[in-house]
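The structure appears right after this line, and notes come after that.
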Amino acid sequence: MIKDIKGLHHVTSMASNAQQNNAFFTDTLGLRRVKKTVNFDDPSVYHLYYGDEQGTPGTVMTYFPFPHMMTGRPGVGEVGETQFSIPKGSLAFWKDRLIAQGVGGIATDTVFGAGRLRFTGPDGDALALVEANDDARTPWTAEGISADNAIRGFSGARFNLHETASTAELLGFMGYERAETEGDVTRFIIPGGNGADTIDLVALPQTPFARQGAGSVHHIAFAVENREKQLEVRKALMDTGYQVTPVIDRDYFWAIYFRTPGGILFEIATNEPGFDRDEDTAHLGEALKLPSRYEPFRNKIEAGLVPLAA
Ligand code: ZN
């Protein structure tokens with residue numbers, strides 16, 4: 001069994017409009033844009049990262065905004081909800097704020113004893129804010145959102161699956177412990193995690209598979225401390241029969257990927273080197289940063305990207 005997973009590292013989704021996506025995550029939700037770069041495989045498309053002050057693993061929501069991309073169709077075999085942690089007692093603030101800003105899909109309920117505010121992002125992204133009693137992570141604060149209310153990072157994610165057994169087995173192998181079941185939702189928790197510690201599995205045997213598009217999660221990444229731990233995790237997964245990619249340098253972390261039996265693309269990402277490797281913490285996310293192989297084409301790439309508000 002693997003003992004080095006520390007919770008989520010980041011969640012990467014797709015969007016149809018970079019400016020709209022940037023405004024939603026920085027203004028409406030009050031996250032910090034910690035990196036403005038481009039897709040490694042298609043430098044005509046941004047890769048935007050939003051998180052806390054430093055882009056701490058477990059806080060980082062990232063997007064590929066493909067201009068005019070079709071909206072995805074929700075279904076099974078995907079991350080069905082990305083959940084952010086907010087302080088207990090702040091749910092009413094957020095409900096008022098999201099209603100005032102015209103955010104869609106707003107609904108409140110209680111899951112595993114915690115207040116939850118569900119809503120949709122600009123492309124129908126399934127998002128939720130979940131109240132937590134004891135989340136000690138220091139939040140980034142933005143205009144109109146005090147530290148008493150600000151998002152702390154992810155609390156976790158919900159997976160919509162055709163069947164849950166194979167993913168439950170995988171999570172167990174990754175070090176997650178099965179916790180409560182509430183209705184058709186079973187919760188898994190990683191001990192000693194970074195705060196983004198829960199994965200909820202939902203079995204939806206009658207639901208068709210999702211079709212990915214704007215608003216869909218592309219992949220979900222789990223955190224390991226460093227490259228040595230990552231190689232150990234890679235070996236353990238491969239010894240168990242998973243097809244895992246070689247280690248890929250993503251500039252701000254190293255990544256390996258594998259497809260789960262339930263259809264979700266998992267990544268294991270390192271906490272090193274972090275988002276301050278090529279710019280000061282005070283100015284994270286301001287300048288366009290390019291993977292080194294695209295630097296010779298900076299003028300052309302920059303001219304093709306829409307400008308984003310700071
Ligand atoms: Zn990733």
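The values are calculated or read from the model by the stated rules, or taken from the named source; none is laboratory data. What you see is a predicted model, and the numbers here were worked out from it, not measured in a lab. So basically every Cβ, Gly included, is an ideal-geometry build from the backbone, and we count neighbours across all protein chains shown. Protein only, heavy atoms only, side chains kept; ligands, DNA and RNA dropped before computing areas. Shrake-Rupley method; radii C 1.70, N 1.55, O 1.52, S 1.80 Å.
Quick notes
- Looking across the range 208-238, the residues that are under 20 Å from the mean Cα position of the chain (by Cα) and either away from the ligand (no atom under 16 Å from the Cβ) or assigned to a loop (DSSP other than H, G, I, E, B) (or both) come down to A210, R211, Q212, G213, A214, G215, S216, E225, N226.
- Checking each residue in the range 239-250 for being part of a strand (DSSP E or B) and not charged (D, E, K, R) picks out only I248.
- Among the residues of the range 126-161, those that are more than 15 Å from A92 (Cα to Cα) and in contact with a helix residue (DSSP H, G or I) (Cβ under 9 Å, 6 or more places away or on another chain) comprise A142, E143, F159, L161.
- Subset of the range 98-122 (residues that are among the small types (G, A, S) and in a helix (DSSP H, G or I)): A100
- Candidates A269, A203: the one that is more than 16 Å from the ligand (Cβ to nearest atom) and hydrophobic (A, V, I, L, M, F, W, C) is A203.
One line per residue, one yes/no per condition, for (1) surrounded by fewer than 21 Cβ atoms within 10 Å (Cβ to Cβ); (2) under 15 Å from T120 (Cα atoms); (3) in contact with a Lys or Arg (Cβ under 6 Å, 6 or more places away or on another chain); (4) among the polar types (S, T, N, Q):
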site	(1), (2), (3), (4)
T62	no, no, no, yes
R73	yes, yes, yes, no
V79	no, yes, no, no
S85	no, no, yes, yes
R97	yes, yes, no, no
A100	yes, yes, no, no
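- No other residue among K35, K95, K6 is touching a residue at least 12 places away in the same chain (Cβ under 8 Å), assigned to a strand (DSSP E or B) and of a type outside the set (A, V, I, L, M, F, W, C) apart from K35.
- Of all residues making up the range 130-148, the number that are open to solvent by less than 30 Å² (accessible area, probe 1.4 Å) and assigned to a loop (DSSP other than H, G, I, E, B): 1
- For the range 107-154, filtered to residues that are among the aromatic types (F, W, Y) and touching a residue at least 24 places away in the same chain (Cβ under 8 Å), the residue that is farthest from D27 (Cα to Cα) is F112.
- Test: E169 is open to solvent by 30 Å² or more (accessible area, probe 1.4 Å), free of Cβ contacts under 8 Å to residues at least 60 places away in the same chain and at negative phi: yes
- Residue match in the range 49-59 (condition: part of a loop (DSSP other than H, G, I, E, B), within 14 Å of the ligand (Cβ to nearest atom) and open to solvent by 10 Å² or more (accessible area, probe 1.4 Å)): yes
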